[in-house]
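Below is one structure, written out as structure tokens, with a few remarks after it.
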Amino acid sequence: MTEELQRYIEQHSDPEGDYLHRLWRATHLHTLHGRMVSGHVEGRLLKMLVTMIRPRHILEVGTFTGYSSLCMAEGLKEVGEGGIIHTFDVNDELEKFTRGWIKGSGLGSYIDYRIGDANQLAPLLGLQFDLIFLDGDKRTYPETYEMALALLRKGGFILADNTLWDGHVVDPAYDRDQQTVGIRRFNDIVAQDTRVERVILPMRDGLTIVRKR
């Protein structure tokens with residue numbers, strides 16, 4: 001997608017708001033992997049999907065700096081039914097940064113942010129989730145998918161980010177890249193899984209929407 005077309009899409013979508021824009025900018029200034037942040041258009045989609053699904057319990061695997069958490073929290077606030085996001089990240093070096101932005105947003109009551117491996121810790125919550133957003137370690141996407149599906153209610157949704165991986169999923173030059181291998185495995189597993197319905201949206205880096213039958 002060209003930069004001109006991306007700007008057009010952003011101009012014709014809801015604005016992200018000043019606080020989220022400042023978080024997006026701070027993420028790019030203070031982290032080495034700023035492009036990992038969900039960003040304007042995907043963030044608006046996450047909010048809209050939350051208002052459509054009206055989940056009580058959301059699981060997020062991969063908080064990063066909290067941008068996607070805040071977008072989903074905006075949706076929960078709009079729905080007004082007391083939902084909560086349980087979000088996990090393994091990177092404790094970003095914890096202070098992320099907690100600060102969550103606290104300053106005014107949406108902290110909707111977000112339970114924890115440092116740790118969601119594959120191990122999320123099942124211990126004893127919850128059934130309505131919506132799960134996968135945006136963690138791409139190398140373990142297949143394992144995370146199985147964990148998530150086991151915790152998802154029937155009719156619930158999984159959103160998996162980065163499932164086209166800059167086009168690397170169809171590029172033989174990345175056959176030895178373990179993140180690409182993980183995403184390819186995930187995509188193949190989901191495509192053949194009779195337990196779910198699925199569709200890949202070619203927005204940003206690929207977003208797969210999965211519905212549990």
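Odds and ends about this structure:
- Rounded if a/c under 1.5, otherwise prolate or oblate - the chain, Cα gyration tensor axes: rounded
- Expected 222 nm ellipticity per residue - DSSP helices of 4 or more, -39500 (n - 2.57), all of the chain, to 500: -12500 deg cm²/dmol
- Most positive-pole-ward Cα, M1, T65, G104, against dipole of the chain from beta carbon charges: G104
- When only alpha carbons are used to place a centre, region 121-143 and region 1-27 end up 27 Å from one another.
- Among the lysines of the chain, pairs at least eight places apart or on separate chains and with Cα atoms under 23 Å apart come to 7.
- Cα gyration tensor of region 1-107 - equivalent ellipsoid semi-axes, whole Å, descending: 21, 20, 12
- Near the amide H of I132, within less than 5 Å, lie the amide hydrogens of L59, F157, I158, L159, all on another chain or at least 5 residues away, with H placed in the peptide plane.
- Average Cα contact separation per residue, region 13-91, under 8 Å, 6 or more apart, as relative contact order %: 31 percent
- Shape parameters for region 11-53, alpha-carbon atoms, Rg then Dmax in Å: 11.4, 34
- Taking 0.36 nm per residue of separation and subtracting the Cα-Cα distance, full extension of the segment from Q179 to Q11 would add 57.2 nm.
- Rounded to the nearest 20 debye, dipole of region 171-213 from Cβ charges on Lys, Arg, Asp, Glu: 320 debye
- Full extension of the chain between D166 and L124 yields a length gain of 11.7 nm, computed as 0.36 nm times the residue separation minus the alpha carbon distance.
- The charge dipole of region 97-159, taken about the Cα centre with unit charges on the Cβ atoms of Lys, Arg (+1) and Asp, Glu (-1), comes to about 160 debye, rounded to the nearest 20.
- Counting charges near N119 (Lys, Arg +1; Asp, Glu -1) among other residues having Cβ under 10 Å from its Cβ returns a value of -4.
Every number in this text was worked out from the coordinates using simple rules, so none of it is lab data. Note that the structure is predicted; figures quoted are calculated from it, not measured. Cβ: placed from backbone, ideal geometry, glycine included. Neighbour counts: every protein chain shown.
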